[in-house]
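The values are calculated or read from the model by the stated rules, or taken from the named source; none is laboratory data. Given the structure is predicted, the values throughout are model-derived calculations rather than measurements. Cβ: placed from backbone, ideal geometry, glycine included. Neighbour counts: every protein chain shown.
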There are 2 protein chains.
Amino acid sequence: MKRILALSSVLLAGSTSMVLANDDLMERIDDPNQWAIQTGDYANQRYSTLDEINADNVGDLQVAWTFSTGVLRGHEGSPLVVDNVMYVHTPFPNIVYALDLADEGKILWRYEPKQDPNVIPVMCCDTVNRGVAYADGKIFLHQADTTVVALNAETGAVEWSVVNGDPAAGETNTATVLPVGDKVMVGISGGEFGVRGHLTAYSIADGSQVWRAYSMGPDSDILVDPETTTHLGEPVGENSGTNTWEGDQWKIGGGTTWGWYSYDPEENLVYYGTGNPSTWNPAQRPGDNRWSMTIMARDIDTGMAKWFYQMTPHDEWDFDGVNEMILTDQEIGGQERKLLTHFDRNGLGYTLDRVTGELLLAEKYDPAVNWTTGVDMDPASEDYGRPTVVAEYSTEQNGEDVNSTGICPAALGSKDQQPAAYSPETELFYVPTNHVCMDYEPFRVSYTAGQPYVGATLAMYPAPESHGGMGNFIAWNNITGEIEWSIPEQFSVWSGALATAGDIVFYGTLEGYLKAIDAQTGEELYKFKTPSGIIGNVMTYTQEGKQYIAILSGVGGWAGIGLAAGLTNPNDGLGAVGGYAALSDYTSLGGQLTVFALPD
Amino acid sequence: MKRILALSSVLLAGSTSMVLANDDLMERIDDPNQWAIQTGDYANQRYSTLDEINADNVGDLQVAWTFSTGVLRGHEGSPLVVDNVMYVHTPFPNIVYALDLADEGKILWRYEPKQDPNVIPVMCCDTVNRGVAYADGKIFLHQADTTVVALNAETGAVEWSVVNGDPAAGETNTATVLPVGDKVMVGISGGEFGVRGHLTAYSIADGSQVWRAYSMGPDSDILVDPETTTHLGEPVGENSGTNTWEGDQWKIGGGTTWGWYSYDPEENLVYYGTGNPSTWNPAQRPGDNRWSMTIMARDIDTGMAKWFYQMTPHDEWDFDGVNEMILTDQEIGGQERKLLTHFDRNGLGYTLDRVTGELLLAEKYDPAVNWTTGVDMDPASEDYGRPTVVAEYSTEQNGEDVNSTGICPAALGSKDQQPAAYSPETELFYVPTNHVCMDYEPFRVSYTAGQPYVGATLAMYPAPESHGGMGNFIAWNNITGEIEWSIPEQFSVWSGALATAGDIVFYGTLEGYLKAIDAQTGEELYKFKTPSGIIGNVMTYTQEGKQYIAILSGVGGWAGIGLAAGLTNPNDGLGAVGGYAALSDYTSLGGQLTVFALPD
Ligand SMILES: O=C(O)c1cc(C(=O)O)c2c(n1)C(=O)C(=O)c1cc(C(=O)O)[nH]c1-2
Ligand SMILES: O=C(O)c1cc(C(=O)O)c2c(n1)C(=O)C(=O)c1cc(C(=O)O)[nH]c1-2
């Protein structure tokens, strides 16, 4: 335990001026009794040192209390706990509740923004929101319509608000924001509407914009230094954000930033990934389409990129690179290094040096993955760092209006937004995965602002010749690139995991079960059926010295879009409706928080 | 215990031909492991002989599983359990789910009627529905739009459907139906729209109409025999349903039948009450307005009335008489008699002989009641059976456009639809009550079919000079007319109670707590905060020999209409919005089933 705490202090404590600007948040992140930001900590480990609930007693877990959010459809993210107050958010219309934990969950305040419901059809994958964040006495809400609001944490009063995008142009939001120092990191959605992605830093004090970094475009837009910003160790050179695009296509080039953000205080870098290039029809955008599908490391103060790594050049499958970057300090090749581990939609688990961006490992974390034979790991090769594409599953090579069948994974990837957890005790990553394949037929599409810009018809189904289910919950070793154990699930595991010092891991299932697993063996120790399918992330906190586990129910997200939006045509929801049709035999729409504890 | 079972068999078993026609249902009603109709049994006792969960161990109760109905707003009624299947209904759009209890609640089928949403604004008091009923392999759903549907209990397929009323004329439904023998009893709502109430018997086999009894109108409409149908022992005489009305007002006279129905197999009588006369402005309808506000006993086969008792002649406060009639066999005045006990909206608890309709007792079950000094109990008096009205609180005497203030109870009564329970062991009634007073200002209104026909402005508030709360949960002795104990509650107890052989009583609160109480002492033994405010009724069943307690959450109904319909003007919702405004500090909209059990 000492070692873990030591590691975590290194990660969180050493640092510069903006740490001082945010001692308040840093202390709360370091305090296992609270849960102040969606990811639990800046490293995105989703690990808690609390161990009152542990492998020995988790079987006795009980529901302590519950709360209905008053909203149906997909509930992603988790509540926060700051001091004795729990902050609960909802999908559109993005209500925020402050619940008094010291007074049986009494509602201290509720904030309900007025939003134009016309934003709903512009959201690609349900009306989800991945939650609010706390810093400096404020609760930050990034609404579906891209308005960022800072609420007074005590009263719910609006302190400032700023508009980050334009829903009429297809720009929407589902992501949480990440407060760091005196700034808050804010992303954008809309890759299916030709939105050019960007990450923006706003001032925590007053909401003024500090910097914005686009995912593609001129160097001044993407905030690179052609000489010092690197890709796999080499300078990116001039115009790297336009010279792998034909004409002006980069202007509607996608690469949105709707995933999770990590931060390393020592390096003063924020890490995140960019989404798919637009359209989904690869024939319409020849070239590598940089910097879509890219892991980015940027200086927090200036936004300048230190390094990039493009995982899937010229995407042909919608394998958005936005999944979380998990920061760990581990020994690899006999050396203690600062690592970044990332489970990409494309089915590869990557381990990189997060200081330099050096690629250390890239291995399939689902054996079903078939579109690539793997990544060229030879630094001397001209294909260094590129995945080798299997012709049969190349929608580019098969061409427009041809249905490429049997591609694994499906567009929603071997993992989508559902975040993994890491335990420094086991040094394993606990990864909620999809085990789904697809047929993909690209077609020509023309761009109209605010209209879908997809250009592909999809069908999805469970990975063939496997256990028949659509998901697995796995334990992954990021040093060896091996799956330590794997729990088959009937549906994709669309919920974020939590690992704790109690030697257990939690996750939720699309049918609605909260499950507790032995972190070492993968043995199931507890399960409970919550009101609705789970796509939220498990979190933990204490109240009066007692440990609680909390999870939002409410089926939806891309996997649950059929139920959430009431769709029945199998090809609707970009193919997810047919794939997950059986879900309606297990659950119904919901929106509830369930809080667990051990009996007194 | 023997004695209780003996009593219940007497009540349920002795009988005629239609019992044979419905052995299936009778056996299930007699089987404490199932819950086949909303009221638990025909006597409306809401008493279960199950005692695995009891006063000694109920403190250990745990949530066993949960289910989101996928619908928000007020959830009244309860699930049914028939064999290993649980049937769960929702408010509008009135979805029905069949859940396989033997397979972790898997959804066997779901039925969602297509209903015109224009019915919603014609529903006076939220989009509630008090649940489905089982008989002869069918699940009966009475939709908001008054369509009665018989679903195949195994497949959910529609076997027949029949239309009971016309929403365009203000006719809607919220009530459950009561299957008896080869018929199903069906009521109607719309007293706030000038609907003339009726009870209708349809054939269980094919939905054909067998008889219909109106609450007012010519003798042939109201199904009376002027000679043999009695009121307080006297024949009602000719034209009793028109001769206390001026002109044709009876045609839009109200007296709707949206409450609960009871049945005595030995007497072959169905018991129910009729609602308020229309309009709420008493000056517009001089006379006693018979047979609004009346307890009715009718022959099941013919619909012919055996006896009536009008509790509130010429209503001036909207004290609908629809609350449930609880049938018991008890000793009173040294004699074993067949009793009917009824807690009326008007604040009086009535005990009658259910064979003859003789009035045995009428006492206030909330000391706050002030509109009457009591009922004239002298059979020789010409006011026999009439409540004595206190002039100060008479909205008739104060006149149109005058605000009568401080009337107790408020229009929603000392008790509304929320049903009480009776334990044959304690011989006490456990009554969820309102402790609310009002200001009431009647005004002239004209009738337009399908438009509100109310004619009064109301304000509601907690009973003054009391404990400050808006409700009590009480134990009532129907022989002595005394309150044995009373638990103060911050809000009205709008949930139906359950009494069990475990010496405990359950009820839910508007904040969302399920509570278990010692049936003898009134001591609170357990409470749990469910996702949303409770207006449903507690039920119990067993699965594989284990006892479960189930309750629907989902705030709404008249008390919760502010939250349910998003209203904020205090006078909206006929005055309930202001009265219950503080509820939004405790709960939010929901729609969830929570099922409890003891730990294994
Ligand atoms: O390209 C985009 O801008 C964008 C946005 C989102 C989103 O904001 O939820 C998703 C996706 N793409 C996407 O590709 C995807 O698989 C996805 C899943 C989900 C979800 O919440 O379940 N959102 C999104
Ligand atoms: O006169 C009617 O037809 C009628 C109907 C209903 C109903 O159907 O719910 C209610 C009432 N009246 C009513 O007076 C009343 O207090 C009431 C409460 C509720 C409820 O479900 O909370 N319904 C009704």
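Close Cβ contacts (under 9 Å, 6 or more residues apart or on different chains) running from residues in region A:549-571 that are free of Cβ contacts under 8 Å to residues at least 40 places away in the same chain to residues that are of a type in the set (D, E, K, R) and in a loop (DSSP other than H, G, I, E, B) comprise A:GLY562/A:ASP572; A:LEU563/A:ARG73.
Give the residue, chosen from B:VAL195, B:VAL177, B:VAL186, that is closer than 24 Å to B:ALA297 by Cα, more than 17 Å from the chain's Cα centre (by Cα) and β-branched (Val, Ile, Thr).
B:VAL195
If you go through region A:581-593 and keep only what is small (Gly, Ala, Ser) and either without any contact (Cβ under 8 Å) to a residue 24 or more places away in the chain or more than 7 Å from chain B (Cβ to nearest Cβ) (or both), you end up with A:ALA581, A:ALA582, A:SER584, A:GLY591. On inspection, B:THR257 fails the criterion of being within 27 Å of B:GLN45 (Cα to Cα) and more than 24 Å from the chain's Cα centre (by Cα).
Yes or no, residue by residue, for (1) of a type in the set (D, E, K, R); (2) within 21 Å of A:GLN417 (Cα to Cα):
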residue	(1), (2)
A:ASP136	yes, no
A:PHE140	no, yes
A:VAL149	no, no
A:GLY156	no, no
A:ALA175	no, yes
A:LEU199	no, yes
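Residues in region A:72-98 that are under 15 Å from A:GLY591 (Cα atoms) and either over 22 Å from the mean Cα position of the chain (by Cα) or of a type in the set (S, T, N, Q) (or both): 4 in all.
Here A:TYR513 meets each of (1) hydroxyl-bearing (Ser, Thr, Tyr); (2) within 14 Å of chain B (Cβ to nearest Cβ); (3) within 16 Å of ligand 1 (Cβ to nearest atom) with one exception, condition (3).
When A:GLY413, A:GLY349 are checked against the criterion of being within 16 Å of ligand 1 (Cβ to nearest atom), touching a residue at least 40 places away in the same chain (Cβ under 8 Å) and closer than 28 Å to A:GLY496 by Cα, A:GLY413 stands alone in meeting it. Note on region A:354-419: enclosed strands (runs of 3 or more DSSP E) holding 1 or more residues that are β-branched (Val, Ile, Thr) are A:372-375, A:387-389, A:404-407. In the set (1) more than 10 Å from chain A (Cβ to nearest Cβ); (2) away from ligand 2 (no atom under 16 Å from the Cβ), the condition left unmet by B:VAL63 is number (1). In region A:445-477, what count of residues is obtained for those that are outside any loop (DSSP other than H, G, I, E, B) and either modelled with pLDDT under 95 or not aliphatic (A, V, I, L, M) (or both)? Within region A:445-477, residues that are outside any loop (DSSP other than H, G, I, E, B) and either modelled with pLDDT under 95 or not aliphatic (A, V, I, L, M) (or both) number 8.
Scanning region B:197-220 for residues that are without any contact (Cβ under 8 Å) to a residue 60 or more places away in the chain and under 22 Å from B:GLY450 (Cα atoms), we see that the one that is surrounded by the fewest Cβ atoms within 10 Å (Cβ to Cβ) is B:GLY217.
Of the candidates A:LEU552, A:LEU583, A:LEU567, the single residue that is in a loop (DSSP other than H, G, I, E, B) and either more than 16 Å from ligand 2 (Cβ to nearest atom) or hydroxyl-bearing (Ser, Thr, Tyr) (or both) is A:LEU567.
Residues in region A:561-580 include none that are touching a strand residue (DSSP E or B) at 6+ places or on another chain (Cβ under 7 Å), under 24 Å from A:VAL81 (Cβ atoms) and either within 13 Å of chain B (Cβ to nearest Cβ) or modelled with pLDDT of 95 or more (or both).
For region A:247-254, the criterion of being closer than 17 Å to A:GLN38 by Cβ and within 16 Å of ligand 1 (Cβ to nearest atom) is met by no residue. A search for C-beta distances below 7 Å between a residue of region B:391-403 that is surrounded by 16 or more Cβ atoms within 10 Å (Cβ to Cβ) and any residue that is small (Gly, Ala, Ser) and modelled with pLDDT of 95 or more, counting only pairs 6+ apart in sequence or on different chains, returns B:TYR393/B:SER404; B:THR395/B:SER404; B:GLU396/B:ALA283; B:ASN398/B:SER404; B:GLU400/B:ALA283.
Selection of region B:520-541 for residues being buried (at least 23 other Cβ atoms within 10 Å of the Cβ) and among the aliphatic types (A, V, I, L, M) yields B:ILE534, B:ILE535, B:VAL538, B:MET539. From the list B:GLY573, B:GLY502, B:GLY560, the lone residue that is more than 16 Å from ligand 1 (Cβ to nearest atom) and touching a Cys at 6+ places or on another chain (Cβ under 9 Å) is B:GLY573. For first residues located in region A:159-182 and more than 14 Å from chain B (Cβ to nearest Cβ) and without any contact (Cβ under 8 Å) to a residue 40 or more places away in the chain, partners that are in a loop (DSSP other than H, G, I, E, B) and within 16 Å of ligand 2 (Cβ to nearest atom) and lie 6+ apart or on another chain with Cβ distances below 9 Å do not occur. Is it fair to say A:VAL132 is more than 14 Å from chain B (Cβ to nearest Cβ), surrounded by fewer than 23 Cβ atoms within 10 Å (Cβ to Cβ) and either modelled with pLDDT of 95 or more or more than 12 Å from ligand 1 (Cβ to nearest atom) (or both)? No, not satisfied.
Mind listing whichever residues of region A:491-513 are without any contact (Cβ under 8 Å) to a residue 40 or more places away in the chain and part of a loop (DSSP other than H, G, I, E, B)?
Within region A:491-513, just A:THR509 meets the criteria.
Here are the criteria: (1) away from ligand 1 (no atom under 15 Å from the Cβ); (2) hydrophobic (A, V, I, L, M, F, W, C); (3) not in a strand (DSSP E or B). Tell me which single one A:VAL195 does not satisfy. For A:VAL195, the failing item is (1).
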